[in-house]
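The values are calculated or read from the model by the stated rules, or taken from the named source; none is laboratory data. Being a predicted model, the structure only gives us computed values, none of them experimental. Counting neighbours? That spans all protein chains shown, and the Cβs are built from the backbone with ideal geometry, glycine included. Please note that ligands, DNA and RNA were not included when accessible areas were found on the heavy atoms of the full protein model with its side chains. Shrake-Rupley method; radii C 1.70, N 1.55, O 1.52, S 1.80 Å.
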Amino acid sequence: PRAWTRDNLLARFADTVFDTHQGLAMPLREYFRYAELQREENAMYLFDAEFGSKAPELLADYEVPEYFREDWFALLPAEVRPSYRWLLLGPRRSGSPFH
């Protein structure tokens, strides 16, 4: 798998638009610029459940761990199936208060 470093991701997905936890959408290039310059106490982070359709190549970059390969969500009808994977990316001082 490819490394998900800043430079690698920018080389591949600089213009791909991803969602943030605040409901904003921005190209990865702009998000990294924000992340480098921000000094907020609660920094914005990428939180995108649809990253696989926006950047399908990312799905090939990782493998589901052995203990999670059985997909119980697949038993649910498509209209009620919850999101089961997300792209989460953020600078220092970003994060969810629930974790």
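Observations on the model:
- Per-region count, region 1-10, residues open to solvent by 20 Å² or more (accessible area, probe 1.4 Å) and in a helix (DSSP H, G or I): 4
- Test set (1) touching a strand residue (DSSP E or B) at 6+ places or on another chain (Cβ under 9 Å); (2) modelled with pLDDT of 95 or more - Ser94 fails condition number: (2)
- Annotation: of all residues in region 42-74 being touching a Pro at 6+ places or on another chain (Cβ under 8 Å) and in contact (Cβ under 8 Å) with a residue 40 or more places away in the chain, the one that is farthest from Phe13 (Cα to Cα) is Ala43.
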